[in-house]
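Structure, as structure tokens:
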Amino acid sequence: METTNKLGRILLVEDDPKDVELTLTALEEYNLANEVIVARDGEEALDYLYCRGEYKTRSSDNPAVMLLDLKLPKVDGLEVLKQIKSDGTLRMIPVVVLTSSREEKDMVASYKLGVNAYVVKPVDFHEFVNAIKELGVFWAVINQPPPGSVRN
Amino acid sequence: MDRSTLHSRIAQSPILRYGLAVGASTIALGVALLLGLFHFRNVADPLFLIAIAITVWFAGTGPAILAVIFSGLADTYFFIEPLYSFYITREDVPHFVIFLLFASLLTGFADVRRRIEQELLQARDHLQSEVLERTQQASLLNLTHDSIFVRDMDFVISYWNLGAQELYGWAAEDVIGKHSQQLLQTVFPAPLEDIDAELLKTGRWEGELQRTTARGIPVAVAARWSLRRDEHARPVAILETSNDITERKRREQEIQGLNLELAKRSSELEAINKELEAFAYSVSHDLRAPLRHIAGFTELLQKKVSSVVDEKSKRYITMILDSAKRMGNLIDDLLAFSRIGRAETQKTLVSLTQLVREVLAEVRQDTEGRNISWKIGALPALYGDRSMLRLALVNLVSNAIKFTHTRPLAEIEIGCADGNTDDVVVFVRDNGVGFDMKYVHKLFGVFQRLHQSDEFEGTGIGLATVQRIIHRHGGKVWAEGVVDGGATFYFSAPKPQG
């Protein structure tokens, strides 16, 4: 599967290193992992998006999609989502909530804040890999990202 | 017959009154003439005056004037010179005039006296009737259940009805003239000056008082005060009506206490509910993550080592994966179960026929390769939460499919049984492995299973979920079964109103 020349950059916001590894493994399996930025908490994610802190020197374009966990240290996922969707330049970044929570209130809160998709992480590994693959393929390959985002 | 009735009888008849005038004067004339025969002198005038006096006394002014005229004429004719003529000599004029004047004076005085007497009598009658009326009114006040007493501005009691006696324990004769404050040990709800100010301003005051009865028992009374003023508008007395509210007060306090307790309990429950919610949320989020890691990395391990490890190791890996999957299902079912308890029900009219159709479509994938004969009867509509009722039906139908899988031809029937007038009863019947009725009480408990898990897989939460859903709809669940002879699960729910 050769899609490297048309891949969008993925910003993965996930605090659990095991989940990060599983997600990256799943993306690797389908060669979708060449441009994945991992932020380990909400603050780091915002630092990346606003090009500050350790991301001061990065190129200023936006990721093609952001995979966002809800339960995060420091600044939680809903707050990050709220921040992004209320910012004129960041609003266009597609955000997919990728969480363990099946709770209705999380879903409702996310959609109210304008999330583009809400995915519950399946316990079953096959399903998990499938979900990550489909997300990666759809958002990083099939979907036309808004202008100003990175496409390698 | 007393004097007054004689008076009134004479007064009522003009004939009697004027007859008396003529009669008395005639008798006086007769007696005077008779005494003249015996040479008594100057008796006529006093006799006529007596006749006039009697007339005016008994018959009033009119007949008295007649008597004066009659007596005057008789005196002139029979006793004043020249005799037997109405002519009066000059010398006799003063005598005659004085006689007339005296007679008139007598008439006048007697008339005034009569009038005064009549007025006095009337006043007496009036007073008598007033006294009667007042007495009746006072005894009316005794009829009321309320306590009524009157005191002056110095708290001296002047009236005390039976109600007051019943309430406070003292009889009227014991308290009249006593100081009401000292007697009743009243505790006011506000400073007395404020109460007095309101009373003087509006003439009324209402409030709740604490008092002590003759037996030393405290009572709470609702009192209403009315101010009485004299003709110069000076406040003179206060009438107090009151009734016993001790029992009401006690109940009010009791209710207040219960309300406080209830509020406390409810906030405690709310806190517990919040905690449970946080717990469920935490389970949902945090328990699932390590499970996903176990499953994920085991699978990765399986892929990596499958070519080099022996069969036993491969089986171990498969068992780890199965267990992880099973635990995932358990968590999902438990969360669904706890969500039923917490979620708000959104009730609408739900067509069970429609719902069953949807449920059958949903469970179709579990019936692939199976030979099932479905029998769906006429089903009513229910007032309830659609998604919850759907979950209940999915659980019941899945159970029926699951426990008939050993049958070459499974028969599953869904229908409506005869309930009472208020409830709808729906059943799901199968010809599966059934159960022993002696374990029926365990059927609807969480994690209760009547079959070994390798025989029929499941988490043991399905029927508990059904029960919880039906209970939240105000209905009941029950079951009938025979070992190896099938099972029937029933649930009832209130019929939709109107």
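The values are calculated or read from the model by the stated rules, or taken from the named source; none is laboratory data. Worth saying up front: this structure is predicted, and the values here are computed from it rather than measured. Quick reminder, even Gly has a Cβ in these numbers, built from the backbone with ideal geometry, and neighbours come from all protein chains shown.
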Review point. Across region A:8-25, what is the total count of residues that are in contact with a helix residue (DSSP H, G or I) (Cβ under 8 Å, 6 or more places away or on another chain) and in a helix (DSSP H, G or I)?
Key: 5
Review point. Restricting attention to region B:278-302, and to residues there that are at pLDDT below 85 and over 11 Å from A:SER100 (Cβ atoms), which single residue is nearest to the chain's Cα centre (by Cα)?
Key: B:ALA278
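Which residue out of A:VAL129, A:VAL97 is of a type in the set (Val, Ile, Thr), free of Cβ contacts under 8 Å to residues at least 60 places away in the same chain and within 13 Å of chain B (Cβ to nearest Cβ)? Break it down into steps so the answer makes sense when it comes.
On the way: A:VAL129 fails: free of Cβ contacts under 8 Å to residues at least 60 places away in the same chain.
So the residue among A:VAL129, A:VAL97 that is of a type in the set (Val, Ile, Thr), free of Cβ contacts under 8 Å to residues at least 60 places away in the same chain and within 13 Å of chain B (Cβ to nearest Cβ) is A:VAL97.
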Check your understanding: Would region B:261-275 turn up any residue that is surrounded by 12 or more Cβ atoms within 10 Å (Cβ to Cβ) and either facing chain A (nearest Cβ under 9 Å) or under 30 Å from A:LYS18 (Cα atoms) (or both)?
Key -> no
Check your understanding: Can you name every residue in region A:38-70 that is under 15 Å from A:LEU98 (Cα atoms) and either of a type in the set (Lys, Arg) or out of contact with any helix residue (DSSP H, G or I) (no Cβ under 6 Å at 6 or more places or on another chain) (or both)?
Key -> A:ARG40, A:ASP41, A:MET66, A:LEU67
Check your understanding: What are the pairs, 6+ residues apart or on separate chains, where a residue within region B:474-497 that is more than 13 Å from B:VAL425 (Cβ to Cβ) has its Cβ under 6 Å from a residue that is small (Gly, Ala, Ser) and surrounded by fewer than 22 Cβ atoms within 10 Å (Cβ to Cβ)?
Key -> B:GLY481/B:GLY434; B:VAL482/B:GLY434; B:VAL483/B:GLY434; B:ASP484/B:GLY434; B:GLY485/B:GLY434; B:GLY486/B:GLY434; B:ALA487/B:GLY434
Practice item. Please work out which residue is surrounded by the fewest Cβ atoms within 10 Å (Cβ to Cβ), limiting yourself to region A:102-114 and to residues that are farther than 25 Å from B:LEU334 by Cα and either within 14 Å of chain B (Cβ to nearest Cβ) or touching a helix residue (DSSP H, G or I) at 6+ places or on another chain (Cβ under 6 Å) (or both). Key: A:GLY114
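Considering region B:341-360 alone, what residues qualify as being outside any loop (DSSP other than H, G, I, E, B) and either over 13 Å from B:VAL397 (Cα atoms) or within 14 Å of chain A (Cβ to nearest Cβ) (or both)? Spell out the reasoning first.
Of region B:341-360, the ones outside any loop (DSSP other than H, G, I, E, B) are B:341-342, B:347-360.
If the condition is that a residue be outside any loop (DSSP other than H, G, I, E, B) and either over 13 Å from B:VAL397 (Cα atoms) or within 14 Å of chain A (Cβ to nearest Cβ) (or both), then B:GLY341, B:ARG342, B:LYS347, B:THR348, B:LEU349, B:VAL350, B:SER351, B:LEU352, B:THR353, B:GLN354 are the ones that fit.
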Check your understanding: For region A:13-29, does any single residue satisfy the condition of being within 14 Å of chain B (Cβ to nearest Cβ), over 26 Å from B:ASP286 (Cβ atoms) and out of contact with any Leu (no Cβ under 6 Å at 6 or more places or on another chain)?
Key -> yes
Point to revise | Residue, farthest from the other protein chains (Cβ to nearest Cβ), within region A:44-57, restricted to residues that are more than 14 Å from the chain's Cα centre (by Cα) and charged (D, E, K, R) | key: A:LYS56
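Quick grid of which residues meet (1) among the aliphatic types (A, V, I, L, M); (2) closer than 18 Å to A:GLU14 by Cβ:
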{"residue": "B:LYS274", "(1), (2)": "no, no"}
{"residue": "B:ALA278", "(1), (2)": "yes, no"}
{"residue": "B:ALA289", "(1), (2)": "yes, yes"}
{"residue": "B:GLY296", "(1), (2)": "no, yes"}
{"residue": "B:LEU300", "(1), (2)": "yes, yes"}
{"residue": "B:LYS303", "(1), (2)": "no, no"}
Review point. Taking region B:285-301 as the region of interest, how many residues are touching a helix residue (DSSP H, G or I) at 6+ places or on another chain (Cβ under 7 Å) and at the interface with chain A (Cβ under 7 Å from one of its Cβ atoms)?
Key: 9
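Within region B:81-121, track down each residue that is outside any helix (DSSP H, G or I), closer than 27 Å to B:GLY62 by Cβ and aromatic (Phe, Trp, Tyr).
Residues of region B:81-121 that are outside any helix (DSSP H, G or I), as a first pass: B:81-89.
Now drop any that are not closer than 27 Å to B:GLY62 by Cβ, which leaves B:86, B:88.
Residue satisfying the conditions is B:PHE86 alone.
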Revision key, fill the gap. Reported set for region B:402-426 where residues are part of a strand (DSSP E or B) and crowded, with 19+ Cβ neighbours inside 10 Å is B:ALA410, B:ILE412, B:ILE414, B:VAL424, B:VAL426
Practice item. Any chance you could count how many residues in region B:303-317 are within 14 Å of chain A (Cβ to nearest Cβ) and modelled with pLDDT of 90 or more? Key: 1
**Study point:** region A:63-75, subset in contact with a Leu (Cβ under 7 Å, 6 or more places away or on another chain) and touching a residue at least 60 places away in the same chain (Cβ under 8 Å), residue farthest from A:GLU35 (Cα to Cα)
**Key:** A:LEU67
